[in-house]
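J.: If you scroll down you'll find the structure; I have some questions about it.
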Amino acid sequence: MFLRHQTRQIQINNLKIGGGAPVSIQSMTNTRTADGAATLTQIRELAALGCEIIRVAVPDQKAIIALPEIISGSPIPVIADIHFDYRLALASIKAGIHAIRINPGNIGKPEYVQMVAEKAGEAGIPLRVGANSGSLSEQFQHQPLPLALVNSALEQCHILENFGFYNIKVSLKASNVAATVEAYEKFSQQSDYPLHVGVTEAGTPRSGIVKSAVGIGALLLRGIGDTIRVSLTAPPHDEIAPARQILEAVGLRCAAPEIVSCPTCGRTEIKLIELTERVENLIAETKSAGRKINLKKIAVMGCVVNGPGEARDADLGIAGGKGKIVLFEHGKIIGTFSETEGFAKFRELILQSSD
């Protein structure tokens, strides 16, 4: 097992970040924050899927008015996303926000930044700062991108440090995966601030999930990262499952259960893709109903002859043949059924194993 980079610990409401705490999944609402009811509905939906921190845009006074309702009703910590206007940051703090995402470099006068740092310090809330490849200041644009991201992020931190503020989380994001990974590696060698990891502007689910899995996964396997977001051009709920699966793939979360399935081949005599999707949907539905499945691994195999043996480490397995389904536990066949009966029995076993 890899060693995680040891960062200082901060706290966003009741959630610990860094310092060995579990890596948390973050997303961002796409509702109008001024519509408190709609925003809360989306937050609750995301939390039910496994989101643990949520960021909301705060572009104007209408959003500020809705914040108390959102904060009090949210089941997970809420971060206010502020651009340019320090007054919105101060108003968000007054409204009870749990953390703020802000770049001191684009706030303006130093006294404005100082006011935000002082009020955040009094409230005991963290500020997330960082660098984004799309908004680097001119002084860094001539540098190689990874170095520019690091220097820009360090500058943001130093601005706050000059006012005695150290309750900071940092992000360094680019749409270029290699540059993102290199930037986070370089920054982690120079600082122990907790890191929010992601590949920005990753794109639609088709390409964005791949880029995010490569970038976030590479960093997590190096022990780097305290919170993650899979940023997609898609509804926010599409971000949660890939984030969870990345954490499972690198060994930072138990899959509960892990679902494995074999590729199709010329010996396959059942609609294996369809069967696997049915199993995934069954597991998702069972979890959404609030039930915990007490199985570590489920196997979906396309061959009744070799499947049970190849997946003998699975707690429960289902294998397809011509017009029939075989169910097995730890490689031992427990029954052969028709396709309809077999899946019904499989569902029954899943429900029996859950509580």
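J.: Filter segment 110-133 down to residues that are more than 15 Å from GLN156 (Cβ to Cβ) and in a helix (DSSP H, G or I), then give me how many there are.
T.: Residues meeting the conditions: 7.
J.: Still on this structure, I have one more. Could you tell me whether segment 230-244 includes any residue that is at pLDDT 95 or above, in contact with a strand residue (DSSP E or B) (Cβ under 9 Å, 6 or more places away or on another chain), more than 20 Å from ILE79 (Cβ to Cβ) and not aliphatic (A, V, I, L, M)?
T.: Within segment 230-244 (the criterion being at pLDDT 95 or above, in contact with a strand residue (DSSP E or B) (Cβ under 9 Å, 6 or more places away or on another chain), more than 20 Å from ILE79 (Cβ to Cβ) and not aliphatic (A, V, I, L, M)), the answer is no, since none of the residues qualifies.
J.: For segment 199-228, name all the residues that are in a loop (DSSP other than H, G, I, E, B) and either among the polar types (S, T, N, Q) or at pLDDT below 95 (or both).
T.: Passing the criteria: VAL199, THR200, GLU201, ALA202, GLY203, THR204.
J.: Additional query: Just to be sure I understand the filter: pairs with C-beta atoms under 8 Å, separated by 6 or more residues or on different chains, first member in segment 103-132 and in the same structural domain as ALA153 (by TED's automatic domain parsing) and at positive phi, second member assigned to a loop (DSSP other than H, G, I, E, B) and surrounded by fewer than 21 Cβ atoms within 10 Å (Cβ to Cβ). Which pairs pass?
T.: These pairs meet every condition: GLY108/PHE84; GLY124/ASN167.
J.: Ok, one more. Looking at segment 238-355, what helices (runs of 4 or more DSSP H) fall wholly within it and have at least 2 residues that are among the acidic types (Asp, Glu) and over 32 Å from the mean Cα position of the chain (by Cα)?
T.: It comes to 339-352.
J.: Same structure again: Name the residue that is surrounded by the fewest Cβ atoms within 10 Å (Cβ to Cβ), counting only residues in segment 202-226 that are of a type in the set (A, V, I, L, M, F, W, C) and over 15 Å from ASN176 (Cα atoms).
T.: LEU221
J.: Of a type in the set (S, T, N, Q) and over 22 Å from SER24 (Cβ atoms): does that describe GLN156?
T.: For GLN156, the condition - of a type in the set (S, T, N, Q) and over 22 Å from SER24 (Cβ atoms) - is not met.
Per-residue answers, yes or no, for (1) under 23 Å from THR264 (Cα atoms); (2) outside the structural domain of GLU269 (by TED's automatic domain parsing); (3) modelled with pLDDT of 90 or more:
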site: LYS322; (1), (2), (3): yes, no, no
site: VAL326; (1), (2), (3): yes, no, yes
site: ILE333; (1), (2), (3): yes, no, yes
site: LYS345; (1), (2), (3): no, no, yes
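J.: From the list ILE283, ILE298, ILE325, pick out the single residue that is within 30 Å of ARG4 (Cα to Cα), among the β-branched types (Val, Ile, Thr), surrounded by 18 or more Cβ atoms within 10 Å (Cβ to Cβ) and in contact with a helix residue (DSSP H, G or I) (Cβ under 9 Å, 6 or more places away or on another chain).
T.: On inspection, the qualifying residue turns out to be ILE298.
J.: For GLN190, state whether it is free of Cβ contacts under 8 Å to residues at least 40 places away in the same chain and either over 24 Å from the mean Cα position of the chain (by Cα) or surrounded by fewer than 17 Cβ atoms within 10 Å (Cβ to Cβ) (or both).
T.: Here the answer is no, as GLN190 does not meet what is asked.
J.: Taking segment 1-27 on its own, how many of its residues are touching a residue at least 40 places away in the same chain (Cβ under 8 Å), within 25 Å of ASP238 (Cα to Cα) and not in a loop (DSSP other than H, G, I, E, B)?
T.: Residues meeting the conditions: 7.
J.: So which of GLN143, GLN190 is closer than 22 Å to ARG4 by Cα, in the same structural domain as VAL78 (by TED's automatic domain parsing) and in a loop (DSSP other than H, G, I, E, B)?
T.: After ruling out the rest, the residue left standing is GLN190.
J.: Please go through segment 286-295 and pick out each residue that is surrounded by 14 or more Cβ atoms within 10 Å (Cβ to Cβ) and at pLDDT 85 or above.
T.: Selection gives THR286, ILE293, LEU295.
J.: Quick one: would you say THR180 is free of Cβ contacts under 8 Å to residues at least 60 places away in the same chain, in contact with a strand residue (DSSP E or B) (Cβ under 7 Å, 6 or more places away or on another chain), polar (S, T, N, Q) and farther than 27 Å from ILE43 by Cα?
T.: Spelling it out, THR180 is indeed free of Cβ contacts under 8 Å to residues at least 60 places away in the same chain, in contact with a strand residue (DSSP E or B) (Cβ under 7 Å, 6 or more places away or on another chain), polar (S, T, N, Q) and farther than 27 Å from ILE43 by Cα.
J.: Is there a residue in segment 59-71 that is touching a residue at least 12 places away in the same chain (Cβ under 8 Å) and under 30 Å from HIS5 (Cα atoms)?
T.: no
The values are calculated or read from the model by the stated rules, or taken from the named source; none is laboratory data. Note that the structure is a prediction, hence the values are computed from the model and not measured. Note that each Cβ is placed from the backbone with ideal geometry, even for glycine, and that neighbours are counted across all protein chains shown.
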